[in-house]
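The values are calculated or read from the model by the stated rules, or taken from the named source; none is laboratory data. Because the structure is a prediction, the values reported are computed rather than measured. Neighbour counts are summed over all protein chains in view; Cβ atoms, including those assigned to glycine, are modelled from backbone coordinates with ideal geometry. We work out accessible area using only protein heavy atoms, side chains counted, and drop any ligands, DNA or RNA first. Shrake-Rupley method; radii C 1.70, N 1.55, O 1.52, S 1.80 Å.
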Amino acid sequence: MKSSVIIRQVCVYCASSKKIDERYLLDADALAESFLAKDITLVFGGGSVGLMGRLADRMLASGGRVIGIMPQFMKDVEWAHKGVNDIKFVKDMHERKKRFLDGTDALVALPGGCGTLEELLEAITLKRLGLFVKPIIIVNLDGFYDPLIKMLERCVEERFMAPEHLKMWTIVSDSKEVLPAIYTAPEWDEGAIKFAAV
Ligand code: AMP
């Protein structure tokens, strides 16, 4: 990504679980602090618990800008973060994933469960097709994402994907490295469709 590009809005995929280790929560605080320092708007799933809740809480505590995007059915079961004023309630999970990507300057995946993994893999799939071209940063705290990274590398080794596809994501070891990784991510464009098929 060109260093002259200004990062205004970053979408973060992350866990909803309340039972995770403190180190993941502290790392989410670090991500929020880096966004606050650069006046970056957080876009997230709109939840009040887990890493989602922690990120939003840390941003809001310092007057940061936060946008939540949540399907209506989650609001109905009271999952929405009450402190986030700017929550867009959407029809379903598909619309939510689409809205996450609209207008974002980068995507970040913190550790999470199947929801986070699914969102991350969909974004990578769209990027392979040239339908999403922004940096994707995977925060591999304490090797959390090692098995997924290995799986993706195996896809390339066994020619289910091409070596160029390894440039679609950047792996960092903690959230302090996220913004530098966004600024130095390899360029990607719609022309990726030309080498999407192996
Ligand atoms: P996971 O990584 O499996 O925790 O998934 C994160 C995603 O799970 C979010 O983007 C939501 O779609 C969904 N989700 C699951 N539980 C909750 C919750 N309590 N509040 C908000 N979103 C949730």
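Listing for the model above:
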{"item": "Matching residues in the stretch 90-119 - criterion: being acidic (D, E) and either at pLDDT 95 or above or open to solvent by less than 40 Å² (accessible area, probe 1.4 Å) (or both)", "result": "D92, E95, D105, E118, E119"}
{"item": "Filter pass, E118 being of a type in the set (D, E, K, R) and in contact with a helix residue (DSSP H, G or I) (Cβ under 8 Å, 6 or more places away or on another chain)", "result": "no"}
{"item": "Count - residues of the stretch 169-194 that are open to solvent by 60 Å² or more (accessible area, probe 1.4 Å) and closer than 14 Å to V133 by Cβ", "result": "5"}
{"item": "From L51, L55, residue being touching a Ser or Thr at 6+ places or on another chain (Cβ under 9 Å) and either of a type in the set (A, V, I, L, M) or free of Cβ contacts under 8 Å to residues at least 40 places away in the same chain (or both)", "result": "L51"}
{"item": "Considering residues of the stretch 134-151 that are among the aliphatic types (A, V, I, L, M) and surrounded by fewer than 21 Cβ atoms within 10 Å (Cβ to Cβ) only, the residue farthest from E177 (Cα to Cα)", "result": "M151"}
{"item": "Residue ranges of strands (runs of 3 or more DSSP E) in the stretch 103-177 with at least 3 members touching a residue at least 12 places away in the same chain (Cβ under 8 Å) and closer than 20 Å to A196 by Cα", "result": "none"}
{"item": "Any chance R96 is touching a His at 6+ places or on another chain (Cβ under 8 Å) and more than 21 Å from A32 (Cα to Cα)", "result": "no"}
{"item": "Meets criteria (small (G, A, S) and surrounded by 19 or more Cβ atoms within 10 Å (Cβ to Cβ)) for G130", "result": "no"}
